[in-house]
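Novice: The structure under discussion is supplied below as structure tokens; questions concerning it will follow.
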Amino acid sequence: MAISIKISKTPQSRIHLCDFDNIEFGKIFSDHMFRVDYKNGAWQNPEILPYGPISIAPSLSAIHYGQAIFEGMKAFKSTDGTPLLFRPTDNAKRLNVSAVRMGMPEIPEELFMAGLTELIKLDQNWIPTKDGSALYIRPFMFATDDFVGVRPSENYSFIIFCCPVNSYYPKPIKVKVEEKYVRASTGMAGFAKAAGNYGISMLPSYEAKKEGYDQIIWTDGNNHEYVEESGTTNLFFVVDDNLVLTPHLDGNILNGITRNSCIQLLKAKGYAVEERKISINEIVEWSKSGRLTDCFGTGTAAIIAKIAAIGYKGNDYILPDAEQRVVSNYLYQTLYGIQCGKVEDPFHWSVKLD
Ligand code: COI
């Protein structure tokens, strides 16, 4: 059955306020947002309305008990000007995986896609076209019960808003291996894109920043022996420019859509890719022997974030010059090229909104 969405357009577009030549990540929002509310066991009244503040109760349960999950995805402009979405149904599916873990209702994929496509069609002029840019899309769901007490909320809102962005990291980053704090451990919610998983990264990343690092690398909760993910991306390590390693999906890390795309692109190109536990000692040994030829983070916001140095126990392990990196340069060019419709898309990841 077709989903009917009420559309209330903004009387006054704000697009003239956006300086498309100097976009700062996450600071300017497109004209509209999609919203649907969950009440009495059903998603109700889907609508598109002007982007703006929403009214919430001080007792809103998401704020107190953390039932809040989100996604990150992007829209691009193809060469003929048509909007392109990258693997959008994978985001819908992952949101529902997060929802189940957090005791929240799933959102039907058709409803997610209907709201998303209507919104992107309406705000398509906000999709930037400069190299590296995109329209970042933020779908999120949160508990809205006006109630104090620890139990799953009975009411929820699901909203999608958008912001034009450039690359999240404009230059290669320095990361520090985190040995004090833990993000996730067996049985926790590390795989979920839950707001709390980012909340607990604020203090460790602030402390790392004071030491001159841009980000942290989370390690396992038992002995801080194995690397997991960075504060904003999944991680890849390249040995001798031919073996590519990434931490396996053990339930503690995010099942990244960019991560998965990179694995598929690398395998198709003939690289050996290992998804397994990777110890920080191995990484140090590869670096000391000159075999660590590339290292990067992958994520929707960051796309491919080259890592310039890894800090561990007071030493910085320096990576080769970013310009010379074979694997990360190949991945960035291919992935971003597919996303913008400029490179052949053998996996049919790009969805055209005609
Ligand atoms: C994303 O990559 O979409 C994220 O949610 C991470 C955040 C750095 C914006």
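Every read-out reported here was derived from the displayed coordinates using simple, explicitly stated rules and does not represent laboratory data. None of these values were measured; they are calculated from a predicted model. We place every Cβ from the backbone using ideal geometry, glycine too, and count neighbours over all the protein chains shown.
Novice: Using the count of nearby Cβ atoms within 10 Å as a rough guide to exposure, how do Lys193, Lys210 rank from fewest to most?
Specialist: Going from sparsest to densest Cβ surroundings: Lys210, Lys193.
Novice: What does the charge dipole of the chain about its Cα centre add up to, to the nearest 20 debye, if the Cβ of each Lys and Arg holds +1 and the Cβ of each Asp and Glu holds -1? Please report the intermediate quantities before stating the final value.
Specialist: Working: 36 positive and 41 negative charges, 53 e Å.
In debye, rounded to 20, the chain gives about 260.
Novice: Helix-derived [θ] at 222 nm for the chain: sum -39500 (n - 2.57) over DSSP H runs of at least 4, divide by residue count, nearest 500?
Specialist: -7000 deg cm²/dmol
Novice: Find me the longest stretch of the chain that has none of the exposed GluC sites (Glu not before Pro), where exposed means in a DSSP loop (not H, G, I, E or B) with at most 13 other Cβ atoms within 10 Å.
Specialist: It works out to 25-210.
Novice: Taking the alpha carbon gyration tensor of the stretch 12-115, what are the square roots of 5 times its eigenvalues, largest first, to the nearest whole Å?
Specialist: In descending order the semi-axes read 27, 19, 14 Å.
Novice: If the only charges are +1 at each Lys and Arg Cβ and -1 at each Asp and Glu Cβ, what is the size of the charge dipole of the stretch 173-339 around the Cα centre, to the nearest 20 debye?
Specialist: 300
Novice: Related question: Can you give the extra length, in nm with one decimal, that the chain gains between Lys171 and Gln44 once fully stretched, where that is 0.36 nm per residue apart less the Cα-Cα distance? Write down the numbers at each step before the final one.
Specialist: On the way: separation 127, 0.36 × 127 = 45.72 nm, distance 4.34 nm.
That works out to 41.4 nm of additional length.
Novice: Contour minus end-to-end for Ser8 and Asp21, with contour as 0.36 nm per residue of separation and end-to-end as the Cα-Cα distance?
Specialist: Result for the pair: 1.8 nm of gain on full extension.
Novice: Arg138: net charge of surrounding residues, Cβ under 12 Å, Lys/Arg +1, Asp/Glu -1, itself excluded?
Specialist: For residues surrounding Arg138, the net value is +1.
Novice: Next question. Pull out the extension gain between Glu211 and Asp316, defined as 0.36 nm times the separation in residues minus the alpha carbon to alpha carbon distance; nm, one decimal.
Specialist: Fully extending the segment from Glu211 to Asp316 adds 36.6 nm.
Novice: Which trypsin sites (Lys or Arg not before Pro) in the stretch 62-141 pass both tests, a DSSP loop state and at most 15 other beta-carbon atoms within 10 Å?
Specialist: In loop regions of the stretch 62-141 (DSSP not H, G, I, E or B), the sparsely surrounded trypsin sites (Lys or Arg not before Pro) are Lys130.
Novice: Something else: Provide the net charge surrounding Asp123, with neighbours chosen by a C-beta distance below 11 Å and charges set as Lys +1, Arg +1, Asp -1, Glu -1.
Specialist: Here the charged neighbours net out to +1.
Novice: With contacts defined as alpha carbon pairs under 8 Å and 6 or more residues apart, what's the relative contact order of the stretch 279-354 in percent?
Specialist: 22 percent.
Novice: Right, another one. Can you compute the FRET efficiency between His224 and Thr89 using 1/(1 + (r/R0)^6), with r the Cβ-Cβ distance and R0 = 41 Å? Round to the nearest 0.05.
Specialist: The value I calculate is 0.70.
Novice: Let me check against my output: what whole-number percent is the relative contact order of the chain, with C-alpha pairs under 8 Å and at least 6 apart? Each step should come with its number before you reach the end.
Specialist: On the way: 719 pairs, mean separation 64.9, N = 354.
Once divided by the residue count of the chain, the mean separation gives 18 percent.
Novice: I've got another one for you. With springs connecting C-alpha atoms under 10 Å apart, model the chain as a Gaussian network and identify which of Asp90, Asp294, Asp21 has the largest mean-square fluctuation.
Specialist: In the Gaussian network model the winner is Asp21.
Novice: With a 10 Å Cβ neighbour count serving as the proxy for reagent exposure, in which order, fewest first, do Thr10, Thr82 appear?
Specialist: On the way: Thr10 16, Thr82 13.
Ascending Cβ contact count within 10 Å gives the list Thr82, Thr10.
Novice: Another question, if that's okay. Local charge sum around Thr300 (other residues, Cβ-Cβ under 14 Å, Lys/Arg +1, Asp/Glu -1)?
Specialist: Details: positive: Lys74, Arg87, Arg94, Arg138, Lys193, Arg259; negative: Glu71, Asp90, Glu229.
That works out to +3.
Novice: Show me the trypsin sites (Lys or Arg not before Pro) within the stretch 1-71 that DSSP assigns to loop and that have at most 13 other Cβ atoms within 10 Å of their Cβ.
Specialist: Lys9, Lys27
Novice: Loop only by DSSP, 16 or fewer other Cβ within 10 Å of the Cβ. Give me the trypsin sites (Lys or Arg not before Pro) in the stretch 261-339 that pass, ordered by residue number.
Specialist: Details: sites: Lys267, Lys269, Arg276, Lys277, Lys288, Arg291, Lys306, Lys313, Arg325; in loops: Lys269, Lys277, Arg291, Lys313, Arg325.
In loop regions of the stretch 261-339 (DSSP not H, G, I, E or B), the sparsely surrounded trypsin sites (Lys or Arg not before Pro) are Lys269, Lys277, Arg291, Lys313.
Novice: Now for a separate question. Per the Debye formula with a single identical scatterer at each Cα and no solvent contribution, what log10 I(q)/I(0) holds for the chain at q = 0.08, 0.13, 0.15 Å⁻¹?
Specialist: Each listed q maps to, in turn, -0.40, -1.07, -1.37.
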